[in-house]
Structure formats: structure tokens, C-alpha cells
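The block underneath contains the structure these notes are about, expressed in C-alpha cells.
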Amino acid sequence: PRPCSWTTEASRDAGREAFTYAFRFGCSDIWKIGHAVDVNDRLKQVNCHIPTEVIPEKWNAQFRQRWNSETNAYDMEQRVLKSLEDHRTEGERVRCSEETLWSAWLKGIGA
């Protein structure tokens, strides 16, 4: 679209319901751990940057945990990432087996 000038105002309520999620890249052992209010929308956002003409794989939502606030969802995300610190690759991504992720996931929930 043609550039144009515009202004906006935004606000955020961190007290609303949110989810911690684990996306898996195709059938690989690459995972993305994060948090979002709308996991399906977040999945669309993450997948829109994959050049599907070259890479036939995409991210899939494998696990999600509901929380009563974005803060709690973020806190779980951080606990899971800390548990998987030895498996971190880039940013919020880790490389590990599903079993390893599941173990960290349960710890992150506090189960």
C-alpha cells in the first residue's frame, strides 16, 4: 500500500485471560515457546513469515495452557524457557525432544 500519515492510541490490559503456548516446526524437534491472548492469531502471525514456496513446513500449535492473566502466562513461558536453557537455539526457540519439552512444560505449569 501507498504510505500515508496516521496516528493511533493503544492500551493494554495485562489482567485478561491468556495462554502459554508451544509451537512445533513441522515434525522437527524445533519448538517456539511463548504467550498470547489469542494463540490461533499468534500462530498465523508467526507462520506468515515462512516462505512456503521454499520451505513446505510451518509452525503448529502443540501445547497451550490457559491462565487468568497475561502476567501468569508470561511467567510460565519464562519457567519453561529456563528449564530448557541448555536446549535454547535463538530467542524463544529450543531444540529438544517432545518428551523433554513436555517435562519442562509440566514443571512450568507447576504440576
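The values are calculated or read from the model by the stated rules, or taken from the named source; none is laboratory data. None of the values given here were measured: they were computed from a predicted structure. Cβ sites come from the backbone with ideal geometry, for glycine too, and all protein chains shown count toward neighbours. What goes into the accessible areas is simple: the full protein's heavy atoms, side chains included, and nothing from ligands, DNA or RNA. Shrake-Rupley method; radii C 1.70, N 1.55, O 1.52, S 1.80 Å.
A few comments on the model shown:
- Scanning the range 36-59 for residues that are under 11 Å from the mean Cα position of the chain (by Cα) and open to solvent by less than 50 Å² (accessible area, probe 1.4 Å) yields 36, 39, 43, 46, 59.
- Residues that are surrounded by 13 or more Cβ atoms within 10 Å (Cβ to Cβ) and either among the β-branched types (Val, Ile, Thr) or farther than 19 Å from residue 28 by Cα (or both), drawn from the range 60-70: 65, 67, 69, 70
- Test: residue 86 is open to solvent by less than 100 Å² (accessible area, probe 1.4 Å), among the charged types (D, E, K, R) and part of a helix (DSSP H, G or I): no
- Leading residue by the ranking (nearest to the chain's Cα centre (by Cα)) among those in the range 3-31 that are open to solvent by 20 Å² or more (accessible area, probe 1.4 Å) and within 15 Å of residue 74 (Cβ to Cβ): 19
- Contacts under 7 angstrom Cβ, first residue in the range 36-57 being at pLDDT 95 or above, partner part of a helix (DSSP H, G or I), 6 or more apart: 36/42; 37/70
- Any chance residue 92 is more than 13 Å from residue 21 (Cβ to Cβ) and either without any contact (Cβ under 8 Å) to a residue 40 or more places away in the chain or surrounded by 13 or more Cβ atoms within 10 Å (Cβ to Cβ) (or both): no
- Residue within the range 39-57 that is in contact with a helix residue (DSSP H, G or I) (Cβ under 9 Å, 6 or more places away or on another chain) and aliphatic (A, V, I, L, M) present: no
- Flag if residue 77 is at pLDDT below 95 and either in a loop (DSSP other than H, G, I, E, B) or buried (at least 18 other Cβ atoms within 10 Å of the Cβ) (or both): no
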